[in-house]
Amino acid sequence: MHPNRPKQPTHYYYAIDIIRFLSALSVVGFHYAYVNQVADFQLVWPLTWFGWVGVEVFFVISGFVIANSANGSSPLQFLKGRALRLLPAPWLCATITFALLAPNAEILPYLRSLVLLPKGPWISPVYWTLAVEIVFYAVIFIVLSINRFQYINRLALLLTMGSGIYMVAAGFQDWYISDHMNVLLLRHGCFFATGIWLWLSTTRQLATWEYLTALTAIAACITEICLRGAEFLPRQVLTYYWIAAPVATWLVAVLCIAITGRAPLSIPPRVATVVRHLGLITYPLYLVHDEIGRRAIQALTMIGIDKWLSLTLALLMVIVLSWLVSAYWEPAVRRAFYSASEWLMTRRAAPAP
């Protein structure tokens, strides 16, 4: 099958593309208008300080989408599909970031980003989430390899229990955030599990124990959001009531995923094309926005451009760059990668002379 013409599922979840794009914008807003130390965007802090929760939404979407795509796939089909989807964008985006940051960019973080090592530093801090995603993909690949996908509910149970126990322990410690805990899925396994439970609920009626476990997964997710959010509360705020904002945002996103899973959005073809492009832009937008966009804001403000106009121009720049990657450059790399993998597989399958 051609790499740019993947097998389409019975229902394409267009609403999830919209949720994914809005989540990416929330992360961009967090990095540009809250973390950014170049200009003071305190006016919009109430809307941007919790934008990091978009990452937690990404993980739920991954649990839902990966379970849906793995259903009925062979281990090799799943592996090829994930590699074709996951690898070309970091190769391109890391290279673009490295080139634009030269001569100050370091080679080792760039190389770590190309091969998606689970431990940084990377060319951009946002690459830490890819290591988490890869571990989840690896777990699904193992489940497919041992022909146990029909027991994916048990995997969701294990992820839920692991995160639940970890969150209880983390509430009394200050070590809950680390590369090791990320890669072991102890912090974020509950988010993937929530996505799996949402997907399972679209295929059949959940048993009572499954409903209870899904609620436990959601409770673990909320706990992680609260623990993480405590670090990012606006600096002028002295109350934790504000933690309700990221929790509510995440719950609304989960509810939207659940609704669209049961009743996929039906939209006109032209609108569907636009929505699909927004979904494709999300991945490169997430990868390029942080280092490139924040430095663009710094450069623009240094030459006297208004900070709000600089923010707008930087956002437009990274969106256009992401569109170029997703629409033109990434498909070309994917085709080359696909052809190379097919050639290697053909050579391995060829009989010895």
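Every read-out reported here was derived from the displayed coordinates using simple, explicitly stated rules and does not represent laboratory data. Since the model is a prediction, treat every value here as computed from it, not as a measurement. Here Cβ is always computed from backbone atoms with ideal geometry, including for glycine, and neighbour counts include all displayed protein chains.
Restricting the calculation to Cα atoms, the chain shows an Rg/Rh of 0.96 when the hydrodynamic-style radius is the Kirkwood one. Normalised Debye scattering of segment 246-287 at q = 0.19, 0.27, 0.28, 0.33 Å⁻¹ gives log10 I(q)/I(0) of -0.80, -0.95, -0.94, -0.93, counting only Cα atoms as equal scatterers and leaving out solvent.
Could you work out the longest stretch of the chain that avoids the GluC sites (Glu not before Pro) located in DSSP loops with at most 12 other Cβ atoms within 10 Å?
Longest site-free region, per DSSP loop and neighbour criteria: 107-230.
As a length-normalised measure over Cα pairs under 8 Å and 6 or more apart, the relative contact order of segment 262-353 settles at 30 percent. For the chain, the longest piece that avoids every one of the trypsin sites (Lys or Arg not before Pro) found in DSSP loops with at most 13 other C-beta atoms within 10 Å covers 236-353. Once both labels are positioned 7 Å from their Cα atoms along Cα-to-Cβ, the gap between Ala230 and Ala263 label points is 4.0 nm. The alpha-carbon atoms of segment 43-126 define a convex hull whose volume equals 125 cubic angstrom per residue.
When you restrict to C-alpha pairs under 8 Å that are six or more residues apart and normalise by the size of segment 107-177, the relative contact order lands at 15 percent.
Could you tell me whether segment 71-190 comes out rounded, prolate or oblate from its Cα gyration tensor? Rule is a ≥ b ≥ c as square roots of the eigenvalues, rounded for a/c under 1.5, then prolate if a/b exceeds b/c, otherwise oblate. Oblate is the answer for segment 71-190, as a/c is 1.5 or above yet b/c matches or exceeds a/b. In plain terms, the chain is cut at each of the chymotrypsin sites (Phe, Trp or Tyr not before Pro) found in a DSSP loop with at most 13 other Cβ atoms within 10 Å, and the longest leftover piece is 176-353.
Taking every DSSP helix (H) stretch of at least 4 residues in the chain, weighting each as -39,500 (n - 2.57) and dividing the sum by the residue count yields a mean residue ellipticity at 222 nm of -22000 deg cm²/dmol.
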